[in-house]
Amino acid sequence: MVKQERAVRTRAGLVRSAAVEFDRDGYAGTSLSRISKAAGVSIGAVTFHFASKADLAEAVREEGRAVTRAALKRVTAERTSALRAVVDFTVELARLMEREVLVRASVRLARELPESASWSGVWLPTVRDLLDEAHRAGQLRDGAPPEDVTTLVEYLAGGAERSVRDRLGAERDREGPADELNRVWRLALAGVSATGDAGEARTAPHARRTEEG
């Protein structure tokens, strides 16, 4: 029993140490020897639990996805409306990326290893279902179809990750990415057009030239 508990602790420590390394330097920039040094164990201990760097990266991705799934379950369980749940969960994603290295590493690894399951695949289907529900309940304006709002959520999550990464290692501001995202959502929900009609987006000049041949 003692050996089993020690093995569980060693594995968990390896996964977290690997997450720190993958988050900072990416998959290509991280080696098993660096992870073993960071975790304070031998290479033999690393390969006992994980046969390869790819296996260890997959364990990190799965831990990050598990944290994300737990947050999604918690937010949807506490929701007051479908649209509110989407807003709250998007803000929670920013908070997780800011505070939880397992989530940040999972996001980065999913981007750098395209053959792996995407991080957004954990939560985006539920977000779309919530937005469909919000549409049926009349919570979305005319001209704001669920598929377009889903795209907005994807862009907001991507922007939150970039904001988090830009701040890594810097002195923490009073307002973090989650606070910024709250403000952006207030703006998006209220709309930005004073007339209520933004019209069609202008086509970029180079795009017009392409279309004209």
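The values are calculated or read from the model by the stated rules, or taken from the named source; none is laboratory data. This structure is a prediction, so every number in the text was calculated from the model and none was measured. Note that we place each Cβ from the backbone using ideal geometry, even for glycine, and neighbour counts take in every protein chain shown. When the accessible area is computed, the model is the full protein with side chains, heavy atoms only, and any ligands, DNA or RNA have been set aside. Shrake-Rupley method; radii C 1.70, N 1.55, O 1.52, S 1.80 Å.
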Is there a residue in the range 33-49 that is in contact with a Phe, Trp or Tyr (Cβ under 9 Å, 6 or more places away or on another chain), outside any loop (DSSP other than H, G, I, E, B), open to solvent by 10 Å² or more (accessible area, probe 1.4 Å) and over 30 Å from A134 (Cβ atoms)? no
Would you confirm whether any residue within the range 52-62 is in contact with an Asp or Glu (Cβ under 8 Å, 6 or more places away or on another chain) and at negative phi? no
Does A94 meet the test of being assigned to a helix (DSSP H, G or I), open to solvent by less than 60 Å² (accessible area, probe 1.4 Å) and more than 29 Å from A190 (Cβ to Cβ)? no
Inside the range 100-118, the number of residues satisfying the requirement of being open to solvent by 20 Å² or more (accessible area, probe 1.4 Å) and under 17 Å from A178 (Cβ atoms) is 2
Which one is farthest from D55 (Cα to Cα), of the residues in the range 107-139 that are part of a loop (DSSP other than H, G, I, E, B) and of a type in the set (S, T, N, Q)? Q139
Under 8 Å between Cβ atoms, at least 6 apart or on separate chains: pull out the pairs that start in the range 20-41 with a residue that is without any contact (Cβ under 8 Å) to a residue 60 or more places away in the chain and end on any residue that is acidic (D, E). T30/E21; R34/E21; I35/E21; A38/E21
Would you confirm, using the coordinates I've provided, whether K73 is open to solvent by 20 Å² or more (accessible area, probe 1.4 Å), without any contact (Cβ under 8 Å) to a residue 40 or more places away in the chain, more than 28 Å from A160 (Cβ to Cβ) and out of contact with any Lys or Arg (no Cβ under 6 Å at 6 or more places or on another chain)? no
Given the residues R11, R69, R6, which is the only one that is in contact with a His (Cβ under 6 Å, 6 or more places away or on another chain) and either of a type in the set (A, V, I, L, M) or assigned to a helix (DSSP H, G or I) (or both)? R11
